[in-house]
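To keep things clear, I will list the structure first and then write my remarks on it.
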Amino acid sequence: MISIDPKHNSERENYKLLIGTVIPRPIAFVTTQSEEGILNGAPFSYFNIVSSNPPMVSLSIQRPAGRLKDTARNIYNNHQFVVHIVDDENVRKINQTAASLPSAESEIELANLTPVQSENVAVSGVLEAKVRMECKLVQAIPLGGEEPGSDLFIGEIVQFHIDESIYQEGRINPRALNAVSRLAGANYATIGEIFEIERPK
């Protein structure tokens with residue numbers, strides 16, 4: 001067994017250990033709106049559920065070279081965002097939105113995604129996702145001390161939008177959703193074998 005002190009690693013070395021071991025990671029495609037009204041979209045795999053009562057999700061966004069990404073800046077400014085689940089049908093278009101664009105340009109337009117108006121937030125979602133969740137910011141926490149390296153956002157889901165093809169009696173059909181997960185490097189994974197193990201009572 002190799003034992004590594006993360007304090008002796010570079011940020012990049014710790015990054016490689018994390019993304020190579022914490023797998024598979026769900027991918028959130030997040031839309032936000034700038035103060036100028038530009039619809040921004042970007043994928044993030046530092047994402048998960050944090051609560052079901054009330055329903056909340058977490059999203060961590062890194063600060064490259066100490067600078068806020070457009071998504072983080074927009075969430076700080078208007079406290080709203082929309083989370084979409086990345087699946088096998090939209091992953092290639094959504095991957096295009098990871099391109100570094102000037103803040104005045106929309107990744108949604110670049111990837112030919114279709115904006116769709118939200119019901120309870122001002123930020124639009126995109127039509128190409130089978131699941132989208134309108135979120136309002138509950139808490140934002142800069143992480144990393146005096147010079148934060150990332151920002152952790154916790155959002156409360158105020159509206160779910162679920163495609164009828166994946167919804168059955170209050171549950172989501174995992175095969176129909178066919179969510180895509182992130183591995184390391186350029187690697188992704190789809191839903192593989194599904195098996196059951198009963199929880200102990």
May I ask you to verify whether R92 is out of contact with any helix residue (DSSP H, G or I) (no Cβ under 6 Å at 6 or more places or on another chain), in a helix (DSSP H, G or I), of a type outside the set (F, W, Y) and within 18 Å of L143 (Cα to Cα)?
no
Scan segment 113-136 for residues that are touching a Gly at 6+ places or on another chain (Cβ under 9 Å), β-branched (V, I, T) and buried (at least 16 other Cβ atoms within 10 Å of the Cβ) and jot them down.
V126
Are any of the residues in segment 65-88 under 28 Å from G192 (Cβ atoms) and part of a loop (DSSP other than H, G, I, E, B)?
yes
Filter result (touching a residue at least 60 places away in the same chain (Cβ under 8 Å) and either more than 18 Å from F47 (Cβ to Cβ) or open to solvent by less than 10 Å² (accessible area, probe 1.4 Å) (or both)) within segment 89-100
E89, N90, I94, T97
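Determine if segment 78-91 includes at least one residue that is on the phi > 0 side of the Ramachandran plot and modelled with pLDDT of 95 or more.
Taking segment 78-91 first, the residues on the phi > 0 side of the Ramachandran plot are 79.
Those still in the list that are modelled with pLDDT of 95 or more too: 79.
Among the residues of segment 78-91, at least one is on the phi > 0 side of the Ramachandran plot and modelled with pLDDT of 95 or more, which makes the answer yes.
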Consider I141 carefully, then state whether it is more than 16 Å from the chain's Cα centre (by Cα), in a strand (DSSP E or B) and loosely packed, with under 15 Cβ neighbours inside 10 Å.
yes
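If I ask for residues that are touching a residue at least 60 places away in the same chain (Cβ under 8 Å) and open to solvent by 40 Å² or more (accessible area, probe 1.4 Å), which ones from segment 148-159 would you list?
Applying the first criterion (touching a residue at least 60 places away in the same chain (Cβ under 8 Å)) to segment 148-159 yields 148-157.
Selection gives L152, E156.
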Being under 13 Å from the mean Cα position of the chain (by Cα), β-branched (V, I, T) and at pLDDT 95 or above is true for just one of V126, V121, V116, V131. Which residue is that?
V131
When you scan segment 64-74, do you find a residue that is under 23 Å from Y188 (Cα atoms) and of a type in the set (A, V, I, L, M), even just one?
no
Of the conditions (1) among the hydroxyl-bearing types (S, T, Y); (2) more than 15 Å from L137 (Cβ to Cβ); (3) open to solvent by less than 80 Å² (accessible area, probe 1.4 Å), S60 fails just one. Which one is it?
(2)
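When the residues of segment 76-88 are filtered to those that are over 13 Å from the mean Cα position of the chain (by Cα) and not polar (S, T, N, Q), which remaining residue is surrounded by the fewest Cβ atoms within 10 Å (Cβ to Cβ)?
So the first thing to find is which residues in segment 76-88 are over 13 Å from the mean Cα position of the chain (by Cα), and the list is 76-80, 88.
Pick out the ones that are also not polar (S, T, N, Q) and you get 76, 79, 88.
Details: Y76: 15, H79: 16, D88: 13.
Applying the filter and picking the extreme gives D88.
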Say we look at segment 1-40 and pick out the residues that are assigned to a helix (DSSP H, G or I) and in contact (Cβ under 8 Å) with a residue 12 or more places away in the chain; which of these is least open to solvent (accessible area, probe 1.4 Å)?
I19
Of the residues in segment 167-183 that are part of a loop (DSSP other than H, G, I, E, B) and at pLDDT below 95, the one that is least open to solvent (accessible area, probe 1.4 Å) is G170
Give the residue, chosen from S60, S106, that is of a type in the set (S, T, Y) and at pLDDT 95 or above.
S60
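Here are L68, L110: which of them is touching a helix residue (DSSP H, G or I) at 6+ places or on another chain (Cβ under 7 Å) and surrounded by fewer than 21 Cβ atoms within 10 Å (Cβ to Cβ)? Break it down into steps so the answer makes sense when it comes.
Working: L68 fails: touching a helix residue (DSSP H, G or I) at 6+ places or on another chain (Cβ under 7 Å).
That would be L110, the only listed residue that is touching a helix residue (DSSP H, G or I) at 6+ places or on another chain (Cβ under 7 Å) and surrounded by fewer than 21 Cβ atoms within 10 Å (Cβ to Cβ).
The values are calculated or read from the model by the stated rules, or taken from the named source; none is laboratory data. Since the structure is predicted, the reported quantities are computational estimates derived from the model, not experimental observations. In this analysis, Cβ positions are derived from the backbone assuming ideal geometry, glycine residues included, and neighbour counts consider all displayed protein chains. Accessible surface areas use protein heavy atoms only, side chains included; no ligands, DNA or RNA. Shrake-Rupley method; radii C 1.70, N 1.55, O 1.52, S 1.80 Å.
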